[in-house]
Amino acid sequence: MNNPVEYNQVMYHLGLSKKNIAEAQYVLLPGDPGRVESIAQSFTNPKFLAKHREYTSWLAYAGDLPVLICSTGMGGPSVSICVEELAQLGVKNFIRVGTTGAIQPQIELGDLIINDAAVRLDGASKHYAPIEFPAVADLALTNILVEVAEEEKIPYHVGISVSSDTFWPGQERYDSYSGYVIRAYQGSLAEWRSLGAYNYEMETATLFIVAKVLGLRAASICGVVAQRGVSENISSADIYNRASERFIKVVHRALNKLNLRGKK
């Protein structure tokens with residue numbers, strides 16, 4: 001049973017209320033608080049709303065469709081808090097936008113990856129559903145992202161993400177302070193690659209599970225800024241900017257399309 005939220009009630013973590021989100025049904029979820037403003041500025045009438053802990057939020061418009069942009073910080077626990085509180089405010093559609101490291105050799109730097117499912121290497125999602133429950137994206141939201149990427153001729157790939165709670169051992173990185181990866185994850189990158197997974201990141205599995213369990217819709221689109229078969233390092237600022245510009249362009253057009261279809 002849903003807990004009723006008063007119109008002026010401010011969410012503890014996000015600092016948002018129903019009053020200041022203009023009945024927005026859609027939210028874009030970058031991990032980085034520093035990316036929120038630039039995404040909001042790509043839409044119409046951007047307006048700063050709140051900043052608390054890892055959560056920075058703005059409101060903007062795609063046509064006359066109100067769209068929230070709210071950072072989640074890194075990792076599953078903060079994603080679950082964000083989704084829970086936004087759901088209480090009436091938000092129904094969640095699109096993760098961000099950057100990722102590819103693990104398949106055919107994926108190039110700057111390409112987009114639209115994840116239709118995720119491997120649950122996180123811990124937060126297990127508090128919502130048993131590990132046997134699949135982390136899958138909403139089909140309609142995913143399809144419109146694919147449709148726009150195709151129309152814009154932006155290179156993209158649709159596939160499975162590996163969502164890890166850690167940046168180093170869970171993603172089998174050896175350039176950490178200790179340089180050690182526990183045995184359970186030694187060789188895991190090659191295994192996920194052989195199984196056909198496309199990328200590593202840290203939020204998608206939790207987002208998909210929490211949204212599905214709460215009866216919400218979720219999708220994920222990320223720009224590739226590292227190719228794990230080549231280097232452990234994040235690519236240059238040029239690649240980072242190109243990836244960001246591409247996923248912003250896709251979600252912008254996708255939201256405009258959703259707005260127009262909703263009026264028919």
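What the table shows:
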| item | result |
| --- | --- |
| Loop-located trypsin sites (Lys or Arg not before Pro) in segment 1-87, at most 15 other Cβ atoms within 10 Å (DSSP) | 53 |
| Spin-label proximity, residue 42 to segment 15-33 - amide N less than 16 Å from point 7 Å beyond Cα toward beta carbon | 27-33 |
| Subset of 18/51; 92/153; 18/47; 92/126 violating a 19 Å alpha-carbon distance limit | 92/153; 92/126 |
| Exposed GluC sites (Glu not before Pro) absent: longest stretch of the chain, with sites in DSSP loops and at most 16 other Cβ within 10 Å deemed exposed | 24-107 |
| Backbone HN-Hα couplings from phi across segment 30-44 [Karplus 6.51/-1.76/1.60, Hz, Gly and Pro as x] | x, x, 7, x, x, 8, 4, 4, 5, 5, 4, 5, 7, 9, 9 |
| Gain on full stretching of the segment that runs from residue 182 to residue 106 - 0.36 nm per residue minus C-alpha separation | 24.5 nm |
| Normalised contact order of the chain, rounded percent, pairs of Cα under 8 Å and 6 or more residues apart | 24 |
| Estimated distance in nm for a label pair at residue 22 and residue 5, the labels positioned 7 Å out from Cα along Cα-to-Cβ | 1.8 |
| Counting DSSP beta bridges with both ends in the chain, the antiparallel % (nearest 5) | 40 |
| Which of 88, 160, 226, positive extreme of dipole for the chain (C-beta unit charges) | 88 |
| For segment 67-72, 3J(HN,Hα) per residue [Karplus equation, 6.51 cos²θ - 1.76 cosθ + 1.60, θ = phi - 60°, Hz, x = Gly/Pro] | 10, 8, 10, 9, 6, 10 |
| Mean-position separation - Cα centroids, segment 42-69 and segment 210-257, in angstrom | 18 |
| FRET efficiency estimate (nearest 0.05) - Cβ-Cβ, residue 64 to residue 166, R0 51 angstrom | 0.75 |
| Label-reachable residues, segment 235-255, where backbone N falls under 19 Å from a point 7 Å from residue 140's Cα toward its Cβ | 251-255 |
| For the chain, accessible area per residue (1.4 Å probe, heavy atoms of protein chains only), Å² | 46 |
| Nonlocal amide H pairs with residue 121, under 5 Å, H built at 1.01 Å | 163 |
| Residue-averaged [θ]222 nm for the chain, counting only DSSP H segments that reach four residues, each worth -39500 (n - 2.57) | -9000 deg cm²/dmol |
| Of all accessible heavy-atom area on the chain, the percent that carbon and sulfur account for (1.4 Å) | 54 |
| Distance histogram in 10 Å bins (all Cα pairs of the chain, percent per bin) | 7, 32, 37, 19, 5, 0 |
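The values are calculated or read from the model by the stated rules, or taken from the named source; none is laboratory data. As the structure is a computational prediction, the values presented were derived from the model and not from experiment. Please note: Cβ atoms are built from the backbone with ideal geometry, for glycine as well, and neighbour counts cover all protein chains shown. For the accessible areas, the whole protein counts, side chains as well, though only heavy atoms, and no ligand, DNA or RNA atoms are used. Shrake-Rupley method; radii C 1.70, N 1.55, O 1.52, S 1.80 Å.
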